[in-house]
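Notes to accompany the following structure.
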Amino acid sequence: MKKSFLFLIFLGFSVLSFAQVKDMELGAIDNFSQRQQGGYFDYSEPGELNMKVAVWGFVKYPGRYLVPITTSLTDLLSYTGGPTDDADLEDVRIYRIVGDSTQTMIKVNYNDLMWEENLKMKTKFIPEIQATDVVLVPGSPRLYFKDWFSIGLSVFSALISLSILIINIARN
């Protein structure tokens, strides 16, 4: 009986000591059944000029896209399935290679594009998407009440189970 109790204690401590919290990958969805990986998506129109761009970060379908050259930033983000709940739409970044092979970054407040009638700025800046642009939608994972409740309930049930185990072992 004591050996099984010691084994359970050892197993519990080893699980707790080796458990690792993995940081969220950029653009990954935390539900394993819905995890999306980057892909190649073709929205090109035959007979028109098309360009390749990449969209990474907190969007539903990150990856490389083949789109018409008339595609705007809003169209491009629509092709990706839209930003996720965790996306920070006030800091969307467009990385571009300029003619002399230097890289530039253009920051866009996408909320201003979405809510045009409530613009924070007096002038509207809508960047033009060019070939080989990389659009990054930053963000960070958020926990809502249901998430905190689920975590708290899991910890509470584990503590109850552990206390019942200790009480049963102490009786014997």
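The values are calculated or read from the model by the stated rules, or taken from the named source; none is laboratory data. This is a predicted model, so every value here is computed, not measured. Cβ coordinates were reconstructed from backbone atoms using ideal geometry, including for glycine residues, and neighbour counts include every protein chain displayed.
A few comments on the model shown:
- Residues located in region 137-154, provided they are without any contact (Cβ under 8 Å) to a residue 12 or more places away in the chain and either among the small types (G, A, S) or outside any helix (DSSP H, G or I) (or both): L143, Y144, S150, G152, S154
- Which numbered condition F41 misses (of (1) hydrophobic (A, V, I, L, M, F, W, C); (2) at pLDDT 90 or above; (3) in a strand (DSSP E or B)): (2)
- Residue that is nearest to S140 (Cα to Cα), among those in region 35-82 that are of a type in the set (F, W, Y) and in contact (Cβ under 8 Å) with a residue 40 or more places away in the chain: F58
- The single condition among (1) of a type outside the set (A, V, I, L, M, F, W, C); (2) in the same structural domain as Y43 (by TED's automatic domain parsing); (3) farther than 26 Å from S44 by Cα; (4) without any contact (Cβ under 8 Å) to a residue 40 or more places away in the chain that S157 does not meet is (2).
- Counted residues, region 96-115 - those being among the charged types (D, E, K, R), at pLDDT 85 or above and either in contact with a Cys (Cβ under 6 Å, 6 or more places away or on another chain) or surrounded by 15 or more Cβ atoms within 10 Å (Cβ to Cβ) (or both): 1
- Here R93 fulfils each of the conditions (1) part of a loop (DSSP other than H, G, I, E, B); (2) of a type outside the set (S, T, Y); (3) surrounded by 12 or more Cβ atoms within 10 Å (Cβ to Cβ); (4) in contact (Cβ under 8 Å) with a residue 24 or more places away in the chain apart from (1).
- Selection count where residues are over 30 Å from V55 (Cβ atoms) and in contact with a helix residue (DSSP H, G or I) (Cβ under 7 Å, 6 or more places away or on another chain), scope region 129-164: 0
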